[in-house]
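Take a look at the structure below.
The values are calculated or read from the model by the stated rules, or taken from the named source; none is laboratory data. Computed from a prediction, not measured in an experiment: that's the story for all the values here. Here the Cβ is made from the backbone with ideal geometry for all residues, glycine too, and neighbour counts use every protein chain on show. Note: accessible area is taken over every heavy atom of the protein model, side chains too, but ligands, DNA and RNA are not part of it. Shrake-Rupley method; radii C 1.70, N 1.55, O 1.52, S 1.80 Å.
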Amino acid sequence: LITDSLGRVTLNSNLAKAARAAGIPQEGLGSLPSDTMRNNFIKGLASSGVITTDMANKILGLPYNQSIGFGGGTTVATTTQSGTLDDFCDYLEKTGAYFNITLSKDKVLQCRADQGSFGVHQDKYDGVKPDKRTLYVNNDTEYNTSHDFNIAEILKGDHDYLLDLYSKSHSNINEKLMEYGLEIADNIIDQLAETLSGVLDLGDGYTAKALDYAVNMTRRYFAPTDKDGKYITEKYTNNQSVYYNNADRYHVKDYVGWVRNDYKSSDHRRHVATLSLSNMISAFLTYFEDYKNGVSTLDSYGQQYLDVDIALKQSSKLVTDKKDYMYTWKTGSEVSSDDMGQAAFYDALFNQLCARGWTENDDITKNQYLQEMLQSGRLYVSRTKDDGYYYQGNYSTDSYIKEVADETLIAHAEAKYNTEKAKLNQKEEMLDLKMKNLDTEISSLTTEYDTVKNTISKNIEKSFKRYNA
C-alpha cells in the first residue's frame, strides 16, 4: 500500500471511486465494518475497472477477512454464499441440518415418583390442536422417545416448538425435573454449535469466536442462575421460588430456554416447565450475528440492531425477525491460490481504508512522480510484517525496492547516441573531404600564382635588359 505521513492510504481515482461507492469516509471509520460494506467496495472495484467482474464474483464468494492487516491470518480457500434467512434456511434444508432429542423414560419417570411426562408440541399452530406425538413419553405410553428436529423448519416456522415437562404432584416441580431439562438443553446447544459451525465457521478465526460467543451466551441465559452463574435448582418456601407460584402465575419468561413454569390447581395440581426450542435457535443465531457485526452496532434509530440482552424479552431484536438481514455461510468449494491472493490483498486494503482513512492523488499512477514522492519521504510503502500488521517502510531501506538501471532506456539512449554520432562522423568525413579538396584547390592556385608571378618577373627583367633600363 502507498500511504502518506499520517498513515492514510493514497488512492488513484479508480480506487477512490470504489471507496466512495462503499461509503468509506476519507477520515476512515475508526473501526472495521460489516460484510455489506466490504462487498460494496469489491463491487465498486469492478465497476470502476480496477478488477474484472469475474474476479469480483470470486472475491465476493470468499469470506470477508476482517482481521487481515490487523494481526489476522490469510484468507481461507472456502467459498461462501450470502442471502436472507429464507436463503440460509433453504441451504440448511439441502444439507440436512438437524438436532436430536432422545428422551429417557427412566429419567422422565424419575422426575416424579407418581407420574411424569415430557412432550414436544407446536404453539400458535392456526388453532389446530398440537400433536404431542412428535416427541412424547410418560409412564404409560411411549409415542416416540427420539426425534430429529429440522433447524430450518423451526427457524422459518410461524409457530414455536415447545418442550413441556409435566408432573402431577401435591408439591412443586422438583429438582430432578429441572436437572433433566437442563441436561436436554445442554445437549441441544452442543448439537447446534456442532451443526451450525459446519456452515457458519468460515475458517477465518473471527467467525469461530462468534460461534463460541453464541454457545456461551445461549447457555448462560438459557435459564435463571444464581449470583455465581449456576443454574438454580433448589426450592424455596413462602412462594419465593423462581420456578413456581400459586394459580397460573408465570415465571422466568425472560430467559432463552425456560419460557414457562406454572402450577395449575384446576388440573390436579399439575406443574409444567417449558423449554422453547425456537427461542434457543433464534437466540443462538442472534448472539452469533451480534458478535460478528459488533455487539454495539446500532440501527438508524440509535437502538442496538440485534439484541437478546439477558434473554428474550418482548423488546428483544432477533435475526429471525429481520427477514432482510443478510447471512454468510460457506459452501465448501475450493478456489485457486491466485484468487485467494487477490481477495487477501483487497480485504487488507479495505480494512486499512476503514481504519486509517484515505486520500486521492491520481498522480501516483505516474512513475516519475511516484518515485520522487517516495525518494523525498512524502509517501511511503506500507506492508505487513511477521506480526500481521501494516507498517510504513523507508524507500532507501526497503528490501523490495531497488534502484536499478533501466536497460531499455539505456539501449534506446545508446542507439540514439550512436545514430547521432554516425551522422556527425559522416558530416565530419564530408567536411574533411571538402577541406582536402580546398587544400588541393589552394595548392593549385598557389602554384598557378607562383607560375604567373615568375613569368611576370622574368618578362619585366628581360624588358629592362633590352632597353638598358
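Data overview
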quantity	calculated
Trypsin sites (Lys or Arg not before Pro) within segment 330-375, DSSP loop, no more than 14 other Cβ atoms inside 10 Å	366
Relative contact order of segment 311-469, pairs being alpha-carbon contacts under 8 Å that are 6 or more residues apart, as %	7
Loop GluC sites (Glu not before Pro), segment 350-423 (other Cβ atoms within 10 Å of the site Cβ: 15 or fewer; DSSP)	403
Per-pair calculated FRET efficiency, R0 = 41 Å: residue 416 and residue 445 via Cβ, rounded to 0.05	0.45
From phi via Karplus (6.51, -1.76, 1.60), per-residue ³J(HN,Hα) for segment 37-49 in Hz, x at Gly/Pro	5, 4, 5, 5, 5, 5, 5, x, 4, 6, 5, 8, x
Shape of segment 409-469, Cα gyration tensor, a/c cut at 1.5	prolate
Whole-Å distance, taken between Cα centres, linking segment 336-380 and segment 401-422	30
Amide H contacts under 5 Å for residue 62, placed H, 5+ residues apart	80
Long-range HN-HN contacts of residue 99 with modeled amide H, under 5 Å	149, 151
Apportionment of accessible area to carbon and sulfur, segment 373-463, percent (1.4 Å)	55
Per-residue HN-Hα couplings for segment 184-190 [Karplus 6.51, -1.76, 1.60; θ = phi - 60°; Hz; x = Gly/Pro]	5, 4, 4, 5, 5, 4, 4
Listed pairs 366/421; 366/423; 366/427; 17/209; 94/209; 436/462 exceeding 30 Å between Cα atoms	366/421; 366/423; 366/427; 17/209; 436/462
Per-bin percent of Cα-Cα distances, segment 4-85 [5 Å]	3, 13, 20, 25, 22, 12, 3, 1, 0
